[in-house]
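Just so it is clear, none of the values below were taken in a lab; they were calculated from the coordinates. This one's a predicted model, so the numbers in the text were calculated from it and none came from an experiment. Positions of Cβ are backbone-derived with ideal geometry, glycine not excepted, and every protein chain shown enters the neighbour counts.
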Amino acid sequence: MKISRLARAVTPRLLSRLLIGVAGVFAAVSTQTPAWAAEPAAEDEAESSPVPFEKNLVGGHVQLAASASYALPFGRLSEDQSRTDRSRGGGLFAGEAAIGLDRFVFLGAYGEYGLYQPAKGCSDCSATSWGAGLQVAYHVAQGLRIDPWVSYGVGYRQLSTLGSLPDPARYHSLEWMRICLGTDWYVTSGFAVSPIALFGVATTLDAPSRETAGSTDLRFQFGLRLLLDFPGR
């Protein structure tokens, strides 16, 4: 009898405490974030954080370059004279200066001087040219020792010929397409060597009085370019 009375007295107390304990455990578990749910949030935060750019190696930089190349002219200087009637291939020497506008683009100016072989059948003939203009260069790579680029320029060209065959003459032309391809190889942080290939198209604006202007003078050239970059890479 005493045992039954004790059981009836104790059981409600134990049950109530047990229920309170279980409820507390469930409440604590429900307030914690599962590990599998926390990981995506961390990943999302990492993905949303900005990725820093690499070092800018073009914007604000100043470049000075000198090049020597062999030029192969073709096309016509006028309606009456082909380019090879006045001169054949020769050496072309150029200088450039440019400043970086952003991470990829250089804006610059160039000047050039050419010495060409005489036309066939005229041993005492000679031909020289000079030109100048503006160009924009786009650099493909950033932060590499090998830096490919392409440039487009426009400018003025003048060709002067002397000798008995053909008669001396002077031609003034607008070079409206000057496409150059190159790849700078940085030997040091501020000095690079680059093979170049160039294709130019010019329209003759002024020719000797006995000839008709307006023809297309073309040239292809290939050579080597030396570059100084400030402040360097």
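Quick notes
- Sparse packing (at most 13 other Cβ atoms within 10 Å of the Cβ) combined with a DSSP loop state is found for the following trypsin sites (Lys or Arg not before Pro) in the stretch 194-228: ARG210.
- Gain on full stretching of the segment that runs from THR216 to VAL62 - 0.36 nm per residue minus C-alpha separation: 52.0 nm
- Prolate/oblate/rounded label for the stretch 138-233 (Cα gyration tensor, a/c 1.5): prolate
- Cβ-defined net charge surrounding ALA68, 13 Å radius [Lys, Arg +1; Asp, Glu -1]: -1
- The stretch 209-225 - phi-based ³J(HN,Hα) in whole Hz, Karplus 6.51/-1.76/1.60, Gly and Pro as x: 4, 7, 10, 9, 6, x, 7, 9, 9, 10, 7, 10, 9, 9, x, 10, 10
- When the Cα gyration tensor is reduced to axis lengths a ≥ b ≥ c, the ratio a/c is 1.5 or higher for the stretch 62-230, and with a/b above b/c it is classed as prolate.
- Karplus-derived HN-Hα couplings along the stretch 175-188 (A = 6.51, B = -1.76, C = 1.60, θ = phi - 60°), whole Hz, x at Gly and Pro: 8, 9, 9, 9, 9, 10, 10, x, 9, 7, 10, 7, 5, 10
- Taking amide H as placed 1.01 Å from N in the peptide plane, TRP130 has its amide H under 5 Å from the amide H of GLY114, GLN158, each at least 5 places away in sequence or on another chain.
- Other residues lying with their Cβ under 13 Å from the Cβ of ALA109 contribute a combined charge of -1, Lys and Arg counting +1, Asp and Glu -1.
- Of the GluC sites (Glu not before Pro) found in the stretch 48-156, those that fall in a DSSP loop while having at most 13 other beta-carbon atoms within 10 Å are GLU54, GLU79.
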